[in-house]
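The values are calculated or read from the model by the stated rules, or taken from the named source; none is laboratory data. This structure is a prediction, so every number in the text was calculated from the model and none was measured. Please note: Cβ atoms are built from the backbone with ideal geometry, for glycine as well, and neighbour counts cover all protein chains shown.
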Amino acid sequence: MAKEYRTVGELSGMIMTALAVKDVAVQVRKDHAYGWRPIVVASPGDPIGYQRRVEEIANRLRLQFSLRE
């Protein structure tokens with residue numbers, strides 16, 4: 001199955017929607033090992049906990065989507 005290409009904005013939006021927590025900001029950056037990687041840049045509480053949850057969501061999304069450059 002071919003992966004669909006998405007921009008960094010689209011990927012970060014999908015992650016924030018799946019996370020469903022207000023006041024969490026996520027940036028997506030290109031990564032040589034995984035193709036793309038999400039980074040929590042702002043959160044209302046524990047940023048490490050949110051980062052773990054965001055990475056779990058990204059692992060699922062990477063099966064379907066690649067980063068459009």
(request) Could you give me the residue pairs with C-beta distances under 7 Å whose first residue belongs to segment 56-68 and is more than 16 Å from Met16 (Cα to Cα) and surrounded by fewer than 17 Cβ atoms within 10 Å (Cβ to Cβ), whose second residue is modelled with pLDDT of 95 or more and acidic (Asp, Glu) wherever it lies, and which are 6+ apart or on separate chains? (result) Gln64/Glu4
(request) Scan the strands (runs of 3 or more DSSP E) fully inside segment 1-54 and keep the ones with 2 or more residues being under 11 Å from the mean Cα position of the chain (by Cα) and over 15 Å from Glu69 (Cα atoms). (result) 25-31, 35-42
(request) Answer with yes or no whether Gly45 is free of Cβ contacts under 8 Å to residues at least 12 places away in the same chain and surrounded by fewer than 11 Cβ atoms within 10 Å (Cβ to Cβ). (result) yes
(message) Could you list, ordered by first residue, the pairs with Cβ atoms under 6 Å in which the first is in segment 17-38 and without any contact (Cβ under 8 Å) to a residue 60 or more places away in the chain and of a type in the set (Gly, Ala, Ser) and the second is outside any helix (DSSP H, G or I) and crowded, with 17+ Cβ neighbours inside 10 Å, at least 6 apart or interchain?
(response) Gly35/Leu67
(request) For segment 58-65, state whether one or more residues are touching a Lys or Arg at 6+ places or on another chain (Cβ under 8 Å), part of a helix (DSSP H, G or I) and among the small types (Gly, Ala, Ser). (result) yes
